Amino acid sequence: MIAKERVKFPVRVGLLGCGTVGGGVLRLLEENREYLASRVGAPLEVTRVLVRDDEKDRVPECRREWLTTRADDVLSADLDVLIEVMGGEEPARSLVARALDAGKSVVTANKLLVARHGTELVARAVANGADLAFEASVGGGIPILRTLREAFTSDWVVSVHGILNGTCNYILTRMRDEGLAFDDALAEAQRLGYAEAEPSLDVDGHDAAQKLVVTSMLAFGASVDVASVPVEGIRSIDRLDFEFAARFGYTIKHLAIGRDLGDRIVLRVHPALVPKTSVLANIDGVLNGVKVVGRALGPCLLVGRGAGDMPTAVSVVADVVDVARSKIGGEPGLATRGIQVKERPLVPLAEVHARYYLRFDVEDRPGVVGAIATELGRAGVSIEQMVQDGRAKDSDSAVPVLLVTHETDERALRGALVAIGAQGFLRGQARLLRIEAV
Ligand code: NAP
Ligand code: HSE
């Protein structure tokens, strides 16, 4: 613990990693040095910085004498706050655990680490009177966790709907606005540096799922195994789906959804139709956005840059300021003490009750539309709107049949889709997208 008389000394900060985010953190610490010192009550001084390659060119604010390739050099330094911006599961988990066990507070941007080990790491922090702060792990520069922890402390979070992956949001925006195919929009996102060369973590939805699990720790006090969260990505979205969704008054967004039902919680990540006029429908490009509904407050919306060196550094350094202040005030562990999680069961996808958009590419012959409607009716699924578009060019071509259902159980709907598939007139898989009233 830093005693009050330590205020006249610097707060010493070590970094694990100096890549995109670490570089941004060093820049922000330097650019705002005086201001941060006045906010904290003591200067923030960098001690050591762990990297893989200490010969690499880095931001000018990173001094060569700080660099080391040995984690022990950082952890055994006289340190008040450890910033983990190296990413990945190991060695990040072991190093963070070691720091917490030694009573050193940790600030991390690592969603994978917090999603998989957050419960254990929070417990370690509490046991050792240290802080564990992880604002940057969700929504980059958007203060969503801080908002949930502090502003919603007097309210009950009913639901969270988030656009939490900028890569998916950029690709879907370009598909909608320019009619690009998924592959072309992804290639463009990669060219512009928004998407990774290996994009599956983003476009298959796992990045958003990790962020949702971290968010649900604060929103619902939930400790959830990220592997149990139903996840769908955006690879199967077709530009035609945007055209058809628009006819019904919707657009398509990739959403991370959480809802507290009291006995259980809903957590799911998937593309969904959202009303064109809704706020989330109009958060475009690489921006992230989160709509939180509080029982007393009602809706509250946060929008901003969910990635990038400086936006993410803003969240990391804000956490460092909080952690340093609570230590200087003689009350380390304040940020972590607000987090109380317990295991909460998830509602399975089969029990989702929603309206659905369905697209069938079918043979163009009499009786097909009737057969679809009959099977849906037999399963108790009520149709709200139905469109059959144009004529097939020849016997090898398909025509799309589009449907919007009334509210129905997903289990019943999926049963009907199996029965429709068995009839032999579908060309390809039926497409199912949930409709979210955000
Ligand atoms: P990055 O650019 O790849 O930087 C990672 C840094 O950690 C590099 O400096 C690397 O050293 C170092 N490093 C990685 N593994 C190491 C190891 N085993 N030993 C020593 N050093 C190691 O990653 P980033 O984009 O900054 O992301 C860092 C974290 O922030 C991740 O958890 C990420 O999910 C999270 N985050 C990133 C963003 C974003 O916009 N980039 C936004 C929000 C959250 P070298 O430089 O020598 O290779
Ligand atoms: N890859 C993430 C995204 C940014 O595309 O939103 C880091 O969390």
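Based on this model, can you work out whether Val46 counts as surrounded by fewer than 18 Cβ atoms within 10 Å (Cβ to Cβ) and β-branched (Val, Ile, Thr)?
Values: surrounded by fewer than 18 Cβ atoms within 10 Å (Cβ to Cβ): no; β-branched (Val, Ile, Thr): yes.
Judged against the criteria, Val46 is not a match.
From the residues in the range 164-201 that are farther than 30 Å from Ala151 by Cα and in contact with a Gly (Cβ under 7 Å, 6 or more places away or on another chain), which one is nearest to ligand 2 (Cβ to nearest atom)?
Among those residues, the one meeting the criterion is Tyr194.
In the set Ala99, Ala77, Ala92, which member is more than 13 Å from ligand 1 (Cβ to nearest atom), of a type in the set (A, V, I, L, M) and either in contact with a helix residue (DSSP H, G or I) (Cβ under 7 Å, 6 or more places away or on another chain) or under 26 Å from Leu212 (Cα atoms) (or both)? Quick ask: steps written out before the conclusion?
On the way: Ala77 fails: either in contact with a helix residue (DSSP H, G or I) (Cβ under 7 Å, 6 or more places away or on another chain) or under 26 Å from Leu212 (Cα atoms) (or both); Ala92 fails: more than 13 Å from ligand 1 (Cβ to nearest atom).
Being more than 13 Å from ligand 1 (Cβ to nearest atom), of a type in the set (A, V, I, L, M) and either in contact with a helix residue (DSSP H, G or I) (Cβ under 7 Å, 6 or more places away or on another chain) or under 26 Å from Leu212 (Cα atoms) (or both) holds for just one of Ala99, Ala77, Ala92, which is Ala99.
Which of the residues that make up the range 153-171 are buried (at least 23 other Cβ atoms within 10 Å of the Cβ) and either of a type in the set (Phe, Trp, Tyr) or assigned to a strand (DSSP E or B) (or both)?
Scanning the range 153-171 gives Val160, His161, Gly162, Ile163.
Could you please find all residues in the range 263-275 being more than 25 Å from Ala115 (Cα to Cα) and either of a type in the set (Val, Ile, Thr) or exposed (fewer than 14 other Cβ atoms within 10 Å of the Cβ) (or both)?
The one that is more than 25 Å from Ala115 (Cα to Cα) and either of a type in the set (Val, Ile, Thr) or exposed (fewer than 14 other Cβ atoms within 10 Å of the Cβ) (or both): Val274.
Any idea which of Val290, Val279, Val314, Val321 is more than 16 Å from ligand 1 (Cβ to nearest atom), buried (at least 17 other Cβ atoms within 10 Å of the Cβ) and of a type in the set (A, V, I, L, M)?
Residue meeting the stated conditions: Val321.
Right, Pro60: away from ligand 1 (no atom under 12 Å from the Cβ), over 18 Å from Ala77 (Cα atoms) and surrounded by fewer than 21 Cβ atoms within 10 Å (Cβ to Cβ) or not?
Against the criterion (away from ligand 1 (no atom under 12 Å from the Cβ), over 18 Å from Ala77 (Cα atoms) and surrounded by fewer than 21 Cβ atoms within 10 Å (Cβ to Cβ)), Pro60 qualifies.
Residues to consider are Leu172, Leu186, Leu218, Leu201; find the one that is of a type in the set (A, V, I, L, M) and within 16 Å of ligand 1 (Cβ to nearest atom). Spell out the reasoning first.
Working: Leu172 fails: within 16 Å of ligand 1 (Cβ to nearest atom); Leu186 fails: within 16 Å of ligand 1 (Cβ to nearest atom); Leu218 fails: within 16 Å of ligand 1 (Cβ to nearest atom).
Leu201 is the lone residue from the list that is of a type in the set (A, V, I, L, M) and within 16 Å of ligand 1 (Cβ to nearest atom).
With the condition kept exactly as written, say whether any residue in the range 254-262 is of a type outside the set (Asp, Glu), touching a Gly at 6+ places or on another chain (Cβ under 9 Å), surrounded by fewer than 21 Cβ atoms within 10 Å (Cβ to Cβ) and free of Cβ contacts under 8 Å to residues at least 40 places away in the same chain.
Within the range 254-262, not a single residue is of a type outside the set (Asp, Glu), touching a Gly at 6+ places or on another chain (Cβ under 9 Å), surrounded by fewer than 21 Cβ atoms within 10 Å (Cβ to Cβ) and free of Cβ contacts under 8 Å to residues at least 40 places away in the same chain.
What residue, among those in the range 197-211 that are of a type in the set (Asp, Glu) and under 12 Å from Val269 (Cβ atoms), is surrounded by the fewest Cβ atoms within 10 Å (Cβ to Cβ)? Don't jump to the end; show me each part of the working.
Within the range 197-211, the first condition is being of a type in the set (Asp, Glu), and the residues that meet it are 198, 202, 204, 207.
Still in the running and under 12 Å from Val269 (Cβ atoms): 202, 204, 207.
Numbers: Asp202: 26, Asp204: 17, Asp207: 27.
Filtering the range 197-211 for residues that are of a type in the set (Asp, Glu) and under 12 Å from Val269 (Cβ atoms), the one surrounded by the fewest Cβ atoms within 10 Å (Cβ to Cβ) comes out as Asp204.
Does the range 334-347 include one or more residues that are over 24 Å from Val224 (Cα atoms), hydrophobic (A, V, I, L, M, F, W, C) and either away from ligand 1 (no atom under 16 Å from the Cβ) or in the same structural domain as Gly249 (by TED's automatic domain parsing) (or both)? It would help to see each step written out before you state the result.
Our first condition is that a residue be over 24 Å from Val224 (Cα atoms); within the range 334-347, this holds for none.
No, that holds for no residue.
Quick check on Arg149: is it within 16 Å of ligand 2 (Cβ to nearest atom), outside any loop (DSSP other than H, G, I, E, B) and surrounded by fewer than 21 Cβ atoms within 10 Å (Cβ to Cβ)? Even if it seems obvious, please write down each step before you answer.
Working: within 16 Å of ligand 2 (Cβ to nearest atom): no; outside any loop (DSSP other than H, G, I, E, B): yes; surrounded by fewer than 21 Cβ atoms within 10 Å (Cβ to Cβ): yes.
It is false that Arg149 is within 16 Å of ligand 2 (Cβ to nearest atom), outside any loop (DSSP other than H, G, I, E, B) and surrounded by fewer than 21 Cβ atoms within 10 Å (Cβ to Cβ).
Quick test for you: out of Ala398, Ala437, pick the one residue that is among the small types (Gly, Ala, Ser), surrounded by 14 or more Cβ atoms within 10 Å (Cβ to Cβ) and modelled with pLDDT under 95. Before you say what the answer is, go through the steps one by one.
On the way: Ala437 fails: surrounded by 14 or more Cβ atoms within 10 Å (Cβ to Cβ).
The conditions single out Ala398.
Of all residues in the range 202-223, count the ones that are within 15 Å of ligand 2 (Cβ to nearest atom) and either more than 11 Å from the chain's Cα centre (by Cα) or assigned to a loop (DSSP other than H, G, I, E, B) (or both). Explain how you work it out, then say what you get.
First pass over the range 202-223, keeping only residues within 15 Å of ligand 2 (Cβ to nearest atom): 202-215.
Next, only the ones that are either more than 11 Å from the chain's Cα centre (by Cα) or assigned to a loop (DSSP other than H, G, I, E, B) (or both) stay: 203-205.
The number of residues fulfilling the criteria is 3.
Being aliphatic (A, V, I, L, M), touching a Ser or Thr at 6+ places or on another chain (Cβ under 7 Å) and at pLDDT 95 or above narrows it down to one of Ala208, Ala185, Ala222, so name that one. Can you show your working first?
Working: Ala208 fails: touching a Ser or Thr at 6+ places or on another chain (Cβ under 7 Å); Ala185 fails: touching a Ser or Thr at 6+ places or on another chain (Cβ under 7 Å).
That would be Ala222, the only listed residue that is aliphatic (A, V, I, L, M), touching a Ser or Thr at 6+ places or on another chain (Cβ under 7 Å) and at pLDDT 95 or above.
Please determine whether any residue of the range 122-133 is within 16 Å of ligand 2 (Cβ to nearest atom), surrounded by 15 or more Cβ atoms within 10 Å (Cβ to Cβ), closer than 29 Å to Leu201 by Cβ and among the charged types (D, E, K, R). Spell out the reasoning first.
First, pick out the residues of the range 122-133 that are within 16 Å of ligand 2 (Cβ to nearest atom): none.
No, the range 122-133 has no match at all.
If you go through the range 77-100, how many residues are surrounded by 13 or more Cβ atoms within 10 Å (Cβ to Cβ), farther than 12 Å from Gly17 by Cα and free of Cβ contacts under 8 Å to residues at least 24 places away in the same chain?
Of the residues in the range 77-100, 1 are surrounded by 13 or more Cβ atoms within 10 Å (Cβ to Cβ), farther than 12 Å from Gly17 by Cα and free of Cβ contacts under 8 Å to residues at least 24 places away in the same chain.
The values are calculated or read from the model by the stated rules, or taken from the named source; none is laboratory data. Keep in mind that this is a model prediction, so the values were computed, not measured. Heads up, the Cβs are rebuilt from the backbone with ideal geometry, glycines too, and the neighbour counts pull from every protein chain shown.
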